[in-house]
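Each remark here refers to the structure printed beneath this line.
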Amino acid sequence: MLRKIFEYLLWPLILIAALIPTGIGIAHKQGPLAFNITYFSLAALLYVLERVYPHEKAWLQSDGQEFPDLAHTAFTKSFVQLLIISATWLGLASVVGGDLGTGYWPNHWPMFFQVVLGLVIAEFGLYWAHRIAHEWMPLWWFHAVHHSSKKLWFFNTGRFHIIDTLKSALFSAPLLALAGAPQSVVLWFGAITAYIGFLTHANIQMRFGWLNYIFNTPALHRWHHSMDLREGNKNYGENLMLWDIIFGTFYDDTNRRPPVEIGIKSAMPRSFWGQVVEPFRWHKFQSSAKAGTHKHELL
């Protein structure tokens, strides 16, 4: 019983522990600094928990993708932070939202409800960006870099092609700006997305219950990485499951365990630069891979 209670409490407690210092930093105009300190502290915590309390022990084995995962994460994280900072102080958020928000934005609401509203608005864009990347092949070529992982752990949270990252940003950030969201809400949105992304990919034994109907949890995201498209083309939400429930793409089978063997059926290079270039030459690379030309280079 105590173990079950611990597994139910673990996910929300970790998220809350990350949000508290972030909130203090944002309140004192030190949002980016607080986020970075919390981000790396959370990474260290998840690294330890994955090893002492894993969901899948098989995923503790190296897949040889540590450097590509790190390179993608560093590239993506740097890009996203630059985008958020630009949108907050130099770009649309400064012009449209400012410090207090503009237009119809309810800046008189408590910050908690403003952040919830910001998440719901931005999540609509993130949902469709993610869904289209699965359903329209030219965008799938870039998104396949993320799905080519053969295991889930916190370290490959940022394993996204830069074009894939840019697409998600273009679908979500303008919605917040046009809604007149204030700078603090933009920062909260970026931080929460990063933290939930970390947790979503974490290889830690946890239970979620009703949280699965609100947040994108590891349990739901493991189905999303299934090679069976009846399961994999589901659960597109980044943070929330609201739009999946509304548009009928929510999936959870509580009667069985998500698959251990994940990945894609298409070919993917092992190297970081190969993964960056491959989507631009998808058909040519797939054809040569089938002919056995790149056999030693593939995942």
Region 259-275, residues that are open to solvent by 20 Å² or more (accessible area, probe 1.4 Å) and assigned to a loop (DSSP other than H, G, I, E, B):
Pro259, Val260, Glu261, Ile264, Lys265, Ser266, Arg270, Ser271
Those residues of region 1-12 which are open to solvent by 100 Å² or more (accessible area, probe 1.4 Å) and among the aliphatic types (A, V, I, L, M) amount to Met1, Leu2
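Specify which of the listed residues (Met206, Met227) is in contact with a Pro (Cβ under 9 Å, 6 or more places away or on another chain) and under 26 Å from Leu49 (Cβ atoms).
Numbers: Met227 fails: under 26 Å from Leu49 (Cβ atoms).
After applying the criteria, what remains is Met206.
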Sort out which residues of region 79-124 are at pLDDT 90 or above, crowded, with 21+ Cβ neighbours inside 10 Å and within 20 Å of Thr193 (Cα to Cα), and write them in order of number.
Val115, Gly118, Leu119, Ala122, Glu123
Would you confirm whether or not region 169-179 contains a residue that is modelled with pLDDT under 95, touching a Ser or Thr at 6+ places or on another chain (Cβ under 6 Å) and buried (at least 18 other Cβ atoms within 10 Å of the Cβ)?
no
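With respect to Trp223, determine if the residue is free of Cβ contacts under 8 Å to residues at least 40 places away in the same chain, over 16 Å from the mean Cα position of the chain (by Cα) and over 21 Å from Ala122 (Cα atoms). Can you show your working first?
On the way: free of Cβ contacts under 8 Å to residues at least 40 places away in the same chain: yes; over 16 Å from the mean Cα position of the chain (by Cα): no; over 21 Å from Ala122 (Cα atoms): yes.
It is false that Trp223 is free of Cβ contacts under 8 Å to residues at least 40 places away in the same chain, over 16 Å from the mean Cα position of the chain (by Cα) and over 21 Å from Ala122 (Cα atoms).
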Within region 37-56, is there a residue that is loosely packed, with under 14 Cβ neighbours inside 10 Å and polar (S, T, N, Q)?
yes
Please go through (1) closer than 22 Å to Gly292 by Cα; (2) open to solvent by 50 Å² or more (accessible area, probe 1.4 Å); (3) of a type in the set (A, V, I, L, M) for Leu242 and return the number of the only condition it doesn't satisfy.
(1)
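Within region 126-149, does at least one residue satisfy the condition of being assigned to a loop (DSSP other than H, G, I, E, B), open to solvent by 50 Å² or more (accessible area, probe 1.4 Å) and among the β-branched types (Val, Ile, Thr)? Lay out the reasoning, then the answer.
At the first step, the residues of region 126-149 found to be assigned to a loop (DSSP other than H, G, I, E, B) are 136, 148-149.
From the residues that got through so far, the ones that are open to solvent by 50 Å² or more (accessible area, probe 1.4 Å) too are 136.
Okay, now just the ones that are also among the β-branched types (Val, Ile, Thr), so none.
Among the residues of region 126-149, not one is assigned to a loop (DSSP other than H, G, I, E, B), open to solvent by 50 Å² or more (accessible area, probe 1.4 Å) and among the β-branched types (Val, Ile, Thr), which makes the answer no.
Considering each of Asn203, Asn235 in turn, give the residue that is in a loop (DSSP other than H, G, I, E, B) and without any contact (Cβ under 8 Å) to a residue 60 or more places away in the chain.
Asn235
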When region 33-78 is examined, which residues are found to be at negative phi, out of contact with any Leu (no Cβ under 7 Å at 6 or more places or on another chain) and part of a loop (DSSP other than H, G, I, E, B)?
Tyr53, His55, Glu56, Gln61, Ser62, Asp63, Gln65
So Asn255 fits all but one of (1) farther than 30 Å from His108 by Cα; (2) part of a helix (DSSP H, G or I); (3) out of contact with any Phe, Trp or Tyr (no Cβ under 9 Å at 6 or more places or on another chain); what number is the exception?
(2)
So Ala58 clears everything in (1) in contact with a helix residue (DSSP H, G or I) (Cβ under 9 Å, 6 or more places away or on another chain); (2) at pLDDT 95 or above; (3) of a type outside the set (Val, Ile, Thr) except one condition, right? Which one?
(1)
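The values are calculated or read from the model by the stated rules, or taken from the named source; none is laboratory data. On a predicted model such as this, the values are computed, not experimentally measured, just so you know. Because the Cβ atoms are built from the backbone with ideal geometry, glycine has one as well, and the counts that use them run over all protein chains shown. Quick note on the areas: whole protein, heavy atoms, side chains included, nothing else; ligands and nucleic acids left out. Shrake-Rupley method; radii C 1.70, N 1.55, O 1.52, S 1.80 Å.
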